[in-house]
Amino acid sequence: MSKSPRKTSSVTEPRASHDLWGGRYAEGPSAIMREINASIGFDRKMWRQDISGSLAHAAMLKHVGIISAEDEASIRQGLADIAEEIDSGRFVFSDALEDIHMNIEARLTERIGEAGKRLHTARSRNDQVALDVRLWTRDAIDGLDRQIADVMRALVARAAEHAGTVMPGFTHLQPAQPTTFGHHLLAYVEMLSRDRGRLADCRKRLNESPLGSAALCGTGFPIDRHMTAAALGFDGPMRNSLDAVASRDFAAEFLFACAMCVTHLSRLAEEVVIWTNPYFGFVKLSDAFTTGSSIMPQKRNPDAAELVRGKTGRVFGALVGMLTVLKGLALTYGKDMQEDKEGIFDSAETLALCLAATGGMIRDMQPQPERMQVAAGAGFSTATDLADWLVRELKFPFRDAHHVTGRLVAMAEAAGVDLAGLSLAQMQQVEPRISQGVFDVLTVDASVRSRTSFGGTAPANVARMAAEWQEKLG
């Protein structure tokens, strides 16, 4: 029996294709190059800074006689008109012009003609972009500083209200010693104060002008870099033209300061998540900062806190990305440095949002003092007070007092009571010299009142420190 011949398909198989060449890249390599080379999609955020730098540069060029007063006036008016166009949303940004610098310069020349072409005399896009990024970062620092101060004020106000509200203090997330809610909140005020300090230090170090360094080696034109630096609010011009166009350490430092600040916010957010859990029930949040469940109608989820916690990774990633871009760059400028901006922009905006959410949650939260008070006494949290009493009253060496206290904790645990639930007779079975006075130190209120050392949790301390912060913050 003969085999039938194998049929062949009448359908023609498509040629192998590569997705890279499809869709938006259908034009081929030139389209890809435009896409990877253009930064206007994100660096347009710097338009105000770019125009400010150009105005200062033009004024200096006129001052030293490089351009005429008429050209400078035309440039000034043209840039003012462009600023209005951008601000009103009428400006058309072009990918073909790559970046914000070329977009503005091309539009300026279109508006005022020959004078617009003179603006770029004695500068390069290298020092221009270095200037714009410094100006943008400086503005971002000023805005973030105000926001951090606002969150601090919110924390201080709640701390003053709850200077004497007892709550459990934890180590290893286990009950450790009683503290107060006010003292706990003031710990974050201290952290945020250091964050403000880091941003202020970063601002001080970045506040030198790279403008006039040109591509990398300066310029032969008789420019006045001190004049442009002063006009833009810098402390002075950068002293090495190579360093001026090549360095982004200020950006990495800014990102670290943002990363550290958002870490502190994330730690506080985690505590809000814990505190709002019904098993703790230390605080409640309103519907303004919580969400419900699509299936469980009883749920109130602390999503604002969770998102603050989650967004921390974006800022960490930007810091690592910046350091990675810079680590292998020989002096001076490389196109790699175009990757410096998106991380800066996103981190500043992410931190600003997290600060706004945190301040809102702090003002919104409703502390539950009764739940905190009960929890503060759990886990034999006054054991250290007992050990301190043995040292103070019976002159025990602390290690011996620690040992005796440990035996008393074991006795109370076996009896199913707290330390104050032991009778004097039971305590004297372990140490005969213990007297009735020991019970004065075994309440959580007595414990927090006793912590009067500088920086301690005593309510009087907390109230005094909150008042100091309110005066500082205004």
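Here residue 176 passes the criteria (1) open to solvent by less than 50 Å² (accessible area, probe 1.4 Å); (2) over 25 Å from the mean Cα position of the chain (by Cα); (3) modelled with pLDDT of 95 or more except the one numbered (3). Scanning region 394-407 for residues that are within 15 Å of residue 428 (Cα to Cα) and of a type in the set (D, E, K, R) yields one hit, 407.
For region 63-95, what are the residues that are of a type in the set (Ser, Thr, Tyr) and open to solvent by 40 Å² or more (accessible area, probe 1.4 Å)?
Going through region 63-95, the residues of a type in the set (Ser, Thr, Tyr) turn out to be 68, 74, 88, 94.
Scanning region 63-95 gives 68, 74, 88.
Just checking, does region 117-129 include any residue being in contact with a Pro (Cβ under 8 Å, 6 or more places away or on another chain) and either open to solvent by less than 30 Å² (accessible area, probe 1.4 Å) or closer than 30 Å to residue 472 by Cα (or both)? Within region 117-129 (the criterion being in contact with a Pro (Cβ under 8 Å, 6 or more places away or on another chain) and either open to solvent by less than 30 Å² (accessible area, probe 1.4 Å) or closer than 30 Å to residue 472 by Cα (or both)), the answer is yes, since at least one residue qualifies.
Residue pairs whose Cβ atoms lie under 6 Å apart, separated by 6 or more positions or on different chains, with the first residue in region 71-91 and over 16 Å from residue 61 (Cα atoms) and the second of a type in the set (Phe, Trp, Tyr), are 85/91; 86/47.
Report whether or not residue 416 is modelled with pLDDT under 95 and closer than 25 Å to residue 152 by Cα.
The answer is no for residue 416.
Being among the acidic types (Asp, Glu) and open to solvent by 70 Å² or more (accessible area, probe 1.4 Å) is the filter; apply it to region 417-474 and report the residue that is nearest to residue 162 (Cα to Cα). Can you show your working first?
Applying the first criterion (among the acidic types (Asp, Glu)) to region 417-474 yields 418, 431, 440, 445, 468, 471.
Right, trim to open to solvent by 70 Å² or more (accessible area, probe 1.4 Å) and you get 418, 440, 468, 471.
Values: 418: 26, 440: 23, 468: 15, 471: 18 Å.
My answer is 468.
If you check 2, 39, which single one turns out to be surrounded by fewer than 10 Cβ atoms within 10 Å (Cβ to Cβ), at pLDDT below 95 and small (Gly, Ala, Ser)? So that I can check it myself, show each step before the final result.
Values: 39 fails: surrounded by fewer than 10 Cβ atoms within 10 Å (Cβ to Cβ).
Just one listed residue meets the conditions, 2.
Residue 229 meets all of the listed conditions (1) under 30 Å from residue 63 (Cβ atoms); (2) surrounded by 15 or more Cβ atoms within 10 Å (Cβ to Cβ); (3) in contact (Cβ under 8 Å) with a residue 24 or more places away in the chain but one, namely (3).
Only one residue in 114, 98, 161, 208 is of a type in the set (Asp, Glu), within 30 Å of residue 31 (Cα to Cα), out of contact with any His (no Cβ under 7 Å at 6 or more places or on another chain) and open to solvent by 10 Å² or more (accessible area, probe 1.4 Å), so which one is that? Step through it out loud before you land on a result.
On the way: 114 fails: within 30 Å of residue 31 (Cα to Cα); 161 fails: within 30 Å of residue 31 (Cα to Cα); 208 fails: within 30 Å of residue 31 (Cα to Cα).
Matching residue, one of 114, 98, 161, 208: 98.
Of all residues in region 179-202, those satisfying the criterion of being open to solvent by 20 Å² or more (accessible area, probe 1.4 Å) and aliphatic (A, V, I, L, M) are 187, 191, 200.
You will find that of 243, 287, the residue that is within 30 Å of residue 216 (Cβ to Cβ), open to solvent by 60 Å² or more (accessible area, probe 1.4 Å) and of a type outside the set (Gly, Ala, Ser) is 243 and no other.
Out of all the residues in region 277-292, which are closer than 30 Å to residue 174 by Cα, touching a residue at least 40 places away in the same chain (Cβ under 8 Å) and part of a helix (DSSP H, G or I)? Scanning region 277-292 gives a single hit, 289. Among the conditions (1) closer than 23 Å to residue 141 by Cα; (2) touching a Ser or Thr at 6+ places or on another chain (Cβ under 9 Å); (3) part of a helix (DSSP H, G or I), residue 257 misses just one, which is (2). In region 453-465, the residues that are at pLDDT 95 or above form Cβ pairs under 7 Å with partners that are open to solvent by 70 Å² or more (accessible area, probe 1.4 Å) and not in a loop (DSSP other than H, G, I, E, B), at six or more places apart or across chains, as follows: 458/449; 459/449. Tell me, yes or no, whether region 246-256 has at least one residue that is in contact with a Leu (Cβ under 9 Å, 6 or more places away or on another chain) and within 30 Å of residue 172 (Cα to Cα). Yes, region 246-256 contains at least one residue that is in contact with a Leu (Cβ under 9 Å, 6 or more places away or on another chain) and within 30 Å of residue 172 (Cα to Cα).
The values are calculated or read from the model by the stated rules, or taken from the named source; none is laboratory data. All figures in this text were calculated on a predicted structure; none of them were measured in a lab. Quick reminder, even Gly has a Cβ in these numbers, built from the backbone with ideal geometry, and neighbours come from all protein chains shown. Heavy atoms of the whole protein, side chains included, go into the accessibility calculation; ligands, DNA and RNA do not. Shrake-Rupley method; radii C 1.70, N 1.55, O 1.52, S 1.80 Å.
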